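These notes concern the structure reproduced below.
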Amino acid sequence: MPDPIEVRKVAIESVTDASGLARLIDDGVIEAARVLAVIGKTEGNGGVNDYTRILADRAFREVLAAKGHPSPESVPLVWSGGTDGVLSPHATVFATIDPAKAVPTDEPRLSVGIAMSEVILPEDIGRPAMVEKVAAGVREAMKIAGIDDPADVHYVQTKTPLLTLATINDAKSRGHEVITEETGLSMDISNSTTALGIAVALGEIEMPSAEQIHKDLSLYSSVASCSSGVELDRAQIVVVGNVRGIGGRYRAGHSVMRDALDADGIWAAIRDSGIDLPDRPHPSDLGDRLVNLFMKCEADPTGQVRGRRNIMLDDSDVHWHRQIKATVGGVAASVTGDPAVFVSVAAVHQGPSGGGPVIAIADLG
């Protein structure tokens, strides 16, 4: 049986601020050596050259090292860049706790499994080889979390490599072609390929063909949240689900947004996490029971939302990544009453087209 989980959200007050993590450790809420993963939003541009992710990564690893984590370099720190609109920089910290200190219960409670995939080569991105490597990593993370039934998995957060000029040239030097030479587009393709790997591992879909990757929008995972960056060469995989008998205070649930305005999809995820709500809920009904939301979003490829035309995909001044992130972030913050929610873009194969997965983690006391 895996150890129970403590999970807390902390603010990031500047681009290199990790004081929230330090306080959790100093106050005895968590032990540095028991930190499993950190998932956070940084304030950069969210693009290929968003180095706020690297700055945050360094700051949090330095705190872990200073506070006594035996191998801080091995902890998955998954940073999604870009806090457009009202979104606020923050981090969610996952750590194990001593089972003797956990609230005993036979109800489903949060469990976390961490794994790394095999090395993902530049020529793997956007192709079945990457799907297979990610799927194998997800299955390994499930075992570590003690989760046997894929239905008990409510959230899979990944960080995978994207293509840069250096890695494109590396593939060419070895006689291989890459899926695209547009580095920005490779971010979206890396995310979508990873999502299909998650869906395959959880039995949501069959193994896709090469022609379906990043094209067949009917294929998706309802629990995948995939991010990519320049800072690694394999998939970091964090599987979050529920296990009976593990004990603790926290529980995960999920649903999907059908489109960018689907607040009901957000409330459905919150209900699925175990929080009782009235028929017409309000942020005040949450109290302090919602730890955080984790969401993916995508501009609808039809260029419409609920029958109304928008120009996100035609705008040459502001990339649609930033526009849809700000939109969904505003909808999510209006539900939670808290702008520190995890909203990430490039959601092909992550939830229904034009929408996206919503994962809620509740503190049930």
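The values are calculated or read from the model by the stated rules, or taken from the named source; none is laboratory data. Please read these numbers as outputs of a predicted model, since none were measured by experiment. Cβ: placed from backbone, ideal geometry, glycine included. Neighbour counts: every protein chain shown. Quick note on the areas: whole protein, heavy atoms, side chains included, nothing else; ligands and nucleic acids left out. Shrake-Rupley method; radii C 1.70, N 1.55, O 1.52, S 1.80 Å.
Note on the chain: with a GNM built from Cα contacts shorter than 10 Å, the maximum mean-square fluctuation among 103, 256, 138 falls on 103. Distance between the C-alpha centres of region 1-70 and region 169-221: 29 Å, rounded to the whole angstrom. Ligands, DNA and RNA are left out, and with a 1.4 angstrom probe the accessible area of region 288-356 is 41 Å² per residue. Shown here: region 118-275, whose C-alpha atoms stretch 53, 36, 28 Å along the first, second and third principal axes, sorted largest to smallest.
Take each complete run of DSSP H in the chain, measure how far its Cα atoms stretch along the helix's own axis, and keep only those covering 20 Å or more with mean Kyte-Doolittle hydropathy at least -1.0; list them. Result, helices passing both filters: 52-66, 128-145, 183-201, 320-336. Label sites at residue 276 and residue 209, each approximated as a point 7 angstrom past Cα along Cα to Cβ, lie 5.2 nm apart. Loop-located trypsin sites (Lys or Arg not before Pro) across region 279-321 with a Cβ neighbour count of 11 or fewer within 10 Å are 306, with loop assigned by DSSP.
Over region 104-178, the fraction of Cα-Cα pairs per 10 Å bin, rounded to whole percents and listed from the shortest bin up, is 17, 38, 24, 14, 5, 2. Please list, by residue number, every one of the GluC sites (Glu not before Pro) in region 174-278 that is coil in DSSP and has at most 15 other beta-carbon atoms within 10 Å. Answer by residue number: 177, 181, 182, 206, 231.
Do the sum for the chain: with -39,500 (n - 2.57) for every DSSP H run of n ≥ 4, divided by all residues, what is the mean residue ellipticity at 222 nm, to the nearest 500 deg cm²/dmol?
-8500 deg cm²/dmol
Given in Å, the Rg to one decimal and the Dmax to the nearest whole number for the Cα atoms of region 1-118 are 14.8, 46.
Bridging of residue 9 to lysines at a Cα separation below 17 Å is possible for 41, once same-chain residues fewer than 8 apart are set aside.
About its Cα centre, what dipole magnitude does region 297-355 give when the only charges are +1 on Lys and Arg Cβ and -1 on Asp and Glu Cβ, stated in debye to the nearest 20? Mind showing how you got there, number by number?
Values: 5 positive and 6 negative charges, 30 e Å.
For region 297-355, the charge dipole is close to 140 debye.
In the full protein context, region 63-130 carries 37 Å² of accessible surface per residue, based on a 1.4 Å probe and ignoring ligands, DNA and RNA. Considering only beta bridges that DSSP places wholly inside the chain, some 75 percent are antiparallel. Considering only Cα atoms, the convex hull volume of region 188-296 works out to 156 Å³ per residue.
From the P(r) of region 313-365, can you give the percent of Cα pairs sitting at distances over 14 Å? Here the tail beyond 14 Å accounts for 61 percent of pairs. Rounded to two decimals, the Cα radius of gyration of the chain over 2.2 N^0.38 Å is 0.92.
Rolling a 1.4 angstrom probe over the chain with all protein chains present gives an accessible area of which 48% lies on carbon and sulfur atoms.
Considering only DSSP beta bridges with both partners in region 5-164, what is the antiparallel share in %, to the nearest 5? Antiparallel bridges: around 70 percent, rounded to the nearest 5. For region 171-329, the relative contact order comes to 14 percent (Cα pairs under 8 Å, sequence separation of at least 6). Per-residue accessible area (protein heavy atoms, 1.4 Å probe) orders 216, 188, 264 as 264, 216, 188, starting from the largest.
Panel values: region 1-55, Kirkwood radius from alpha carbon pairs, Stokes-Einstein at 37 °C and 0.692 mPa s, translational diffusion coefficient 254 µm²/s. Normalised by 2.2 N^0.38 Å, where N is the number of residues, the C-alpha radius of gyration of region 232-316 stands at 1.43. For the chain, modelled as a Gaussian network with Cα springs under 10 Å, which listed residue fluctuates most, 154, 176, 90? Comparing 154, 176, 90 in the GNM, the peak value goes to 176.
Relative to the Cα centre, the charge distribution of region 1-69, modelled as +1 at Lys and Arg Cβ and -1 at Asp and Glu Cβ, gives a dipole magnitude of about 100 debye. Taking amide H as placed 1.01 Å from N in the peptide plane, the amide H of residue 90 sits under 5 Å from that of 12, 41, each at least 5 places away or on another chain.
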